[in-house]
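**Q** Below you'll find the structure I mean.
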Amino acid sequence: MPRPSRPLHRTAAVASTLVLAAAFMLPAAGAQAAHGGDARPTGSPSSTPAPPSPGDTGHEEKTTHDSREGHYAAYTLDPASPLVLVNEHHPLHPRDYVPRDLVAVNGSGARMVPEAAAALEKLLAAARHDGHELIVESAYRSYDYQVGLFRRYTSMYGEAYASRISARPGTSEHQLGLSVDIGVASGQCSLKACLADLPAGKWTAAHAAEYGFIIRYPKDRQEITGYNFEPWHLRYLGASSAQAMREQGIDTFEQYSDELDAIRTARQAEARRKAAAAEASREAAAERARRIAEETGWMPEWARAAYGR
């Protein structure tokens, strides 16, 4: 598959610690208030808790660097496709999309679409066989959950800061049921960049593609993805696509989606060129037949049928 000739810029990684699993557990009353759109700070400014650092939420952490994720084309907008690109510049359509079917992963409370869940269970089993006890930290998160979370952070810290520590509703990959946050059973480096340095993290990076997963937000690619390094965040693409990315040395899904779109555009252009050439050939043949008819009074049967002579 040819690579599109598009410039890729690299920046230094902003490695950040990502923790605070409590962010996954919104109080029920707060979630209801946020869903109703009436969430507001209830305390005085002096009682507002200090904001967590961007890496301390356990959710997608936006980079503070200028990013170019909007420069990459979405190969498909179908949220049910494993190849759908979702980010701030390519939100879900519809934004409140809910997967048709979700199943529990590996007996946990976390859910994913069936194809991704089955692939993840194989990955977890293979890791266990090789001596690494991986666990599921989080998987599917609904639009309503993301609305409540984002409004909660906005009411506490303001929208600008909230957008750094949590994906806006309708732009989180977790809503697809195709993404999962993993960790190790010991809890070491939970939702932190240092997971990549653990044996289990290294195993995951080396073998994820065999089961159809990629590290969705790789190191030193925040300028492309818009997110800092998250070695725990896996995205299911399917084995053929995940392995194609690895074989071709494509680091990010933005680049792969863009390449797929470029290839499709090139094929469509080639199909149009061939169709135009075929039409031109037919018109040339018809013109020759008309000239012969004018000169000899004879016209081929196909031309007579086509032009009524």
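What follows draws every value from the coordinates through simple rules; no lab data is involved. Owing to the predicted nature of the structure, the values given are computational and were not obtained by experimental measurement. Cβ sites come from the backbone with ideal geometry, for glycine too, and all protein chains shown count toward neighbours.
**Q** Using 1/(1 + (r/R0)^6) with R0 = 30 angstrom and r between the beta carbons of Ala239 and Asp96, what's the FRET efficiency to the nearest 0.05?
**A** Plugging the Cβ-Cβ distance into 1/(1 + (r/R0)^6) gives 0.50.
**Q** Okay, moving on. Just round it to a whole percent: the fraction of Cα-Cα distances in segment 69-144 exceeding 14 Å.
**A** That tail contains 67 percent of the Cα-Cα pairs.
**Q** Round to a whole angstrom and tell me the spacing of the C-alpha centers of segment 102-141 and segment 169-245.
**A** Going from one Cα centre to the other spans 13 Å.
**Q** If packing is taken as the average count of other Cβ atoms within 10 Å, what order do 263-271, 163-171 fall into, highest mean first?
**A** The peptides rank, most packed first, as 163-171, 263-271.
**Q** Pop the C-beta distance of Arg128 and His89 into the FRET formula with R0 = 35 Å and round what comes out to the nearest 0.05.
**A** Result of the calculation: an efficiency of 0.40.
**Q** At 7 Å along Cα-to-Cβ for each site, give me the label-to-label distance between Asn106 and Asp197 in nm.
**A** Those two pseudo-labels are separated by 2.4 nm.
**Q** Gain in length, Ile292 to His207, computed as 0.36 nm per residue apart minus the alpha-carbon separation, to one decimal in nm?
**A** Gain in length upon complete extension: 23.8 nm.
**Q** Based on the Cβ-Cβ distance of Ala118 and Tyr161, what FRET efficiency does E = 1/(1 + (r/R0)^6) give at R0 = 51 Å, to the nearest 0.05?
**A** Given R0 = 51 Å and the Cβ-Cβ separation, E is 0.85.
**Q** Here's another thing I want to ask about it. By counting other Cβ atoms within 10 Å of each Cβ, how are Lys274, Lys192, Lys219 ranked from fewest to most?
**A** Lys274, Lys219, Lys192
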